[in-house]
Amino acid sequence: MTDPVVGLLLEGRYRLEERLARGGMSTVYAATDLRLHKTVAVKVMAEHLAHDPTFVDRFTREARAAAMLSHPNVVGVSDQGSDQGLVFLVMELVRGRTLRDLLSARGRLTVAEAFAVLEPVLGGLTAAHRAGIVHRDIKPENVLIGVDGVVKVADFGLARAVVGTGQTSQTGGVLIGTVAYLSPEQLERGRADARSDIYAAGIVLYEMLTGHPPFGGDTPLAVAYQHVHHDVPAPSAEVPGLPWAVDELVARTTRRDPAGRPIDAGAFLAELDDVRRDLGIDPVPVPTGQSAGPGTLRPTNRPTRPRPGDRHPSDPGTKVLGGRPARGGSTSMLPGMGAGPTTDVQGRRPGPARPRPGVPDHIRKRRARLAIAVVALLAVTAGAIGWWFGEGRWTSTPDLVGSEQAAAIDLLQNAGLDPDCCEEVWSEDVPAGTVMSTEPAAGAEVIRSTDVRLVVSKGKERYTVSPDLVSLPVEQVETQLEDLPLQVTRGQDYDNEIPPGHVIRFDPAAGTELKRDQVVTVVVSQGRAPVAVPDVTGQSPEQATKNLQDLGFTVERVPDGRSAAVDKGEVMAIDPGPAAGRIPFGSTVKIQVSAGVPLVAVPDVVGRSGDEATAILKAAGLKVEATRFFGNSVLRQSPAAGEEVEQGTSVTILLTFG
């Protein structure tokens, strides 16, 4: 049947090309990223879960947590969203096969090959655990082996960000994971931390060595019961000849009590490296299985017998146990893990013990020493039980104040306590990420597994104003600043670039770290700054006009006037003039051009004495040229009296007898 989702274009960017795999909670497609022109993997949440807000919220939140990881052994997550009713996650596309495919083709792996696969898996999980993320669904289907031999951990869809708690919270009565790989604490309490991933990784190691998981059954409930009430058997019980140290490694990592397992993937990886060195196992390439066809087994790999109730390798789907059933799927109710049938790991009653052929003598001696140690341990068990119920289950809250968050969580877990993390508060004195107080306080006597509340500093409370707000309208800027706990005031200034009513700058400057309730001034533009009027008198009208217009003024020429101080054709007056100082940019300035010197009316000096006439004419701004003819009285004048002439014109007078 054609998948109706194939061919869809999500968010205008991801075109779904081909369905690669389908699980109980999601389907994975190969897709083309049209923006970056590359092939990616898109995981689409199952339709019946996409309508459940709880699952959608978890999918979104935990996808973001997975996207924080950047490690060569973790499948990269680049985007997440929802479109056309589909909730999806965009991931790196790995060309190759899963560990499940490899085990289906090979049956089982050698110790060296199993270590070669498990080491990069633990490397990727170490990065996740150090980032505060628990995977919660480690299984062969989620281990990808590329054609180049690179191993990557995939599907952080069930991961939960620990946020410093070291332990995930319960999920409202719904337990999510693949039953064959779930730890006892997940099955009993629905709680998981890094040690739960260690348990699942130990189960995967067992399966790589034997070809099948340690527990099987007709129902998920039967498998879950065995995880809670039975220890994982030694792999050498299925594959004689496996080193005793490998049996011990599987036992340590799959203990039913989380406190007995390595604290995280980094500790598991260190133990794996110790076992490799002790056994002298040289590193080998990761088996890709590309050269072997389906079902092909290497000579060292014998096929395992089918066991009652085992799931087919191609159907290892994720199960939901407990709580309400999800729409479109089936659930199995998980009771309180009380008494149940006495069965072996294959769901049958255990048969009589048989000697295991092919075990070397030095292994037998080690096991004999182990048996002696077990007997000695049993001798003190009764006393230990009494001590536990008396004093052993009590512990003291360590002093965590001043410790970094991650270190505080480790100290709590080492003390057998569960971190309840974290309440974050601002502090001017305590650095960010440092524990400020605990509840119960340091030194308090509490029962192991008690939750200890951590109050962690968020550092100094600081806020910044974005530089992007500069040049925006002041009303828009003040609306955006309402979200910040700052006191906002207005100021004004001139600016030749930013228009009036828009923000020029902030005081303190944008980007400065500000305390709560600190005053920040929004400086608003009043437009261009006022301009001083230059003195353009004595310039030509054209030059004066250009100089004024270059300064932003509008120039208006008024009717010409006359001036004795300014030559004809030059600017003789400007209004407003330089004495006005600075006036608004764009103001109108009037100029007046000189038409020459002023005109004066020639005084009447006929009949006056020569000296008197000369004085009168000079007082009027005129020059005097006198012609004397036997006398000192003005007989006539030229120009005539009352005629208007330019100031400085010469007046000729004729002097004779009076």
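Nothing in this text is a laboratory measurement; each read-out follows from the coordinates by a stated rule. Keep in mind that what you see is a predicted model, and the values were worked out from it rather than measured. Positions of Cβ are backbone-derived with ideal geometry, glycine not excepted, and every protein chain shown enters the neighbour counts.
Taking the highest mean first, how do the peptides 21-28, 558-565 order by number of other beta carbon atoms within 10 angstrom per residue?
21-28, 558-565
Distance between the modelled labels on T512 and E646, one decimal in nanometres: 6.5 nm (7 Å Cα→Cβ projection). Note: segment 187-294, Cα convex hull, 140 Å³ per residue. Under 19 Å from the 7 Å Cα→Cβ point of R462, by amide nitrogen: which residues of segment 407-429? Flagged as within label range: 425-429.
Taking amide H positions as modeled 1.01 Å from N, with prolines and chain starts lacking one, the residues under 5 Å from G561 and 5 or more places away or on another chain are V593, S594, A595.
Once you have the Cα-Cα distance between H230 and T554, take 0.36 nm times their residue separation minus that, and quote the gain in nm to one decimal.
106.9 nm
Using just the C-alpha positions of segment 46-120 as equal point scatterers, what log10 of I(q)/I(0) does the Debye formula give at each q in 0.13, 0.14, 0.23, 0.27 1/Å? Result of the Debye calculation: -0.60, -0.66, -1.03, -1.19. Kindly provide log₁₀ I(q)/I(0) values, in the same order as q = 0.15, 0.16, 0.24 Å⁻¹, from the Debye equation applied to equal alpha-carbon scatterers of segment 411-489. For segment 411-489 at q = 0.15, 0.16, 0.24 Å⁻¹, log10 I(q)/I(0) is -0.67, -0.70, -1.06. Close amide H contacts of V524 (hydrogens built in the peptide plane, cut-off under 5 Å, sequence separation of 5 or more or a different chain): G491, Q492, D493, I504. Along the Cα-to-Cβ line of R562, 7 Å from the Cα, sits a label point; which residues in segment 625-658 have backbone N less than 17 Å from it? Within reach of a label on R562, which here means backbone N under 17 Å from a point 7 Å along Cα→Cβ, segment 625-658 contributes 639-651. At R0 = 30 Å, how high is the FRET efficiency between D493 and D535 if r is their beta carbon distance? Nearest 0.05 is fine. The calculated FRET efficiency here is 0.60. For segment 270-285 versus segment 502-540, the inter-centroid distance based on Cα atoms is 70 Å. Placing +1 on each Lys and Arg Cβ and -1 on each Asp and Glu Cβ, with no other charges, gives segment 599-656 a dipole about its Cα centre of roughly 200 debye. Take the Cα of S437, step 7 Å toward its Cβ, do the same at A595, and the gap between the two points is 9.3 nm. The Rg/Rh ratio for segment 467-525 is 0.94, where Rg is the radius of gyration of the alpha carbons and Rh is the Kirkwood radius.
Modelled spin labels at T2 and S449, positioned 7 Å past Cα toward Cβ, are 5.5 nm from each other.
Inverting the pair-averaged 1/r between distinct Cα atoms of segment 599-656 gives 10.8 Å as its Kirkwood hydrodynamic radius.
If you take the alpha carbon atoms of segment 393-457 and fit the smallest convex hull around them, that volume is 58 Å³ per residue. Bridgeable aspartates and glutamates around K460 (alpha carbons under 17 Å apart, same-chain partners fewer than 8 residues away excluded): E404, E423, E424, E428, D429, E513, D517. In whole percents, the pair-distance distribution calculated for segment 9-91 from its alpha-carbon pairs, binned every 10 Å from zero, is 18, 51, 29, 1. Packing, taken as the mean count of other beta carbons within 10 Å per residue, orders the peptides 526-533, 403-410, 87-94 from highest to lowest as 87-94, 403-410, 526-533. So which of K590/K623; K38/K458; K38/K152; K590/K618; K568/K623 end up more than 30 Å apart by C-alpha? Where the Cα-Cα span goes over 30 Å, the pairs concerned are K590/K623; K38/K458; K590/K618. With contacts taken as Cα pairs under 8 Å at a separation of at least 6 residues, segment 189-263 carries a relative contact order of 36 percent.
Kindly provide the Kirkwood hydrodynamic radius of segment 554-602 in Å, to one decimal, from all pairs of distinct alpha carbon atoms.
Details: mean 1/r = 0.0841 Å⁻¹.
It works out to 11.9 Å.
Given R0 = 25 Å, the distance between the Cβ atoms of V56 and A30 translates into a calculated FRET efficiency of 0.60.
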